[in-house]
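The values are calculated or read from the model by the stated rules, or taken from the named source; none is laboratory data. Given the structure is predicted, the values throughout are model-derived calculations rather than measurements. Using ideal geometry, Cβ is built from the backbone for each residue, glycine included, and neighbour counts are taken over all protein chains shown. Heads up: the accessible areas ignore ligands, DNA and RNA and are worked out on the full protein's heavy atoms, side chains in. Shrake-Rupley method; radii C 1.70, N 1.55, O 1.52, S 1.80 Å.
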Amino acid sequence: MEKPYDEEMLNKTAKTGAESFTESDLDEVLSQEKTAKKKAEKLGELAETVKLLWSMIIDYKNGDYREIPWKTIAAFGFAIAYLISPLDLVPDFIPVAGFLDDASLFALFLKLYAEDFKKYCEWKKNR
């Protein structure tokens with residue numbers, strides 16, 4: 001099946017977005033919790049993972065979990081900002097395809113930052 005977006009462009013968007021993501025961007029994302037969680041529900045089996053990523057970002061922001069590099073928080077913060085934004089590679093109003101690029105971005109970051117995410121999950125489980 002052909003993807004409804006350019007994978008090279010998605011990779012470039014991911015890299016640039018994560019590298020430029022700031023603490024104030026994180027605050028903006030966190031202020032849109034309701035929108036983020038509503039859109040996350042449309043990601044199918046990734047929805048629970050996105051909720052856990054949201055929890056990781058909150059724990060980082062609150063200072064409860066700081067055993068994670070900023071670049072990981074920035075990547076997932078950017079992924080959530082991308083999910084929230086109606087303007088991305090494939091607009092969200094396009095049924096099914098509109099969320100494929102969002103899901104692909106999360107999958108890319110989950111692959112790149114798997115070890116950090118795994119450590120957080122272990123920490124969360126043992127709390």
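Below, the figures for the structure above:
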item: Average accessible area per residue (Å²) across the range 1-69 - probe 1.4 Å, nucleic acids and ligands excluded; result: 64
item: Rel. contact order, % - alpha carbon contacts under 8 angstrom, at least six apart, the range 1-74; result: 33
item: Taking N as its residue count, the alpha carbon Rg of the range 12-60 over 2.2 N^0.38 Å; result: 1.20
item: Proximal charge balance of Trp70 [Cβ under 13 Å; K/R count +1, D/E count -1]; result: -2
item: Under 11 Å, Cβ to Cβ, from Phe109 - net charge with Lys/Arg +1 and Asp/Glu -1; result: +2
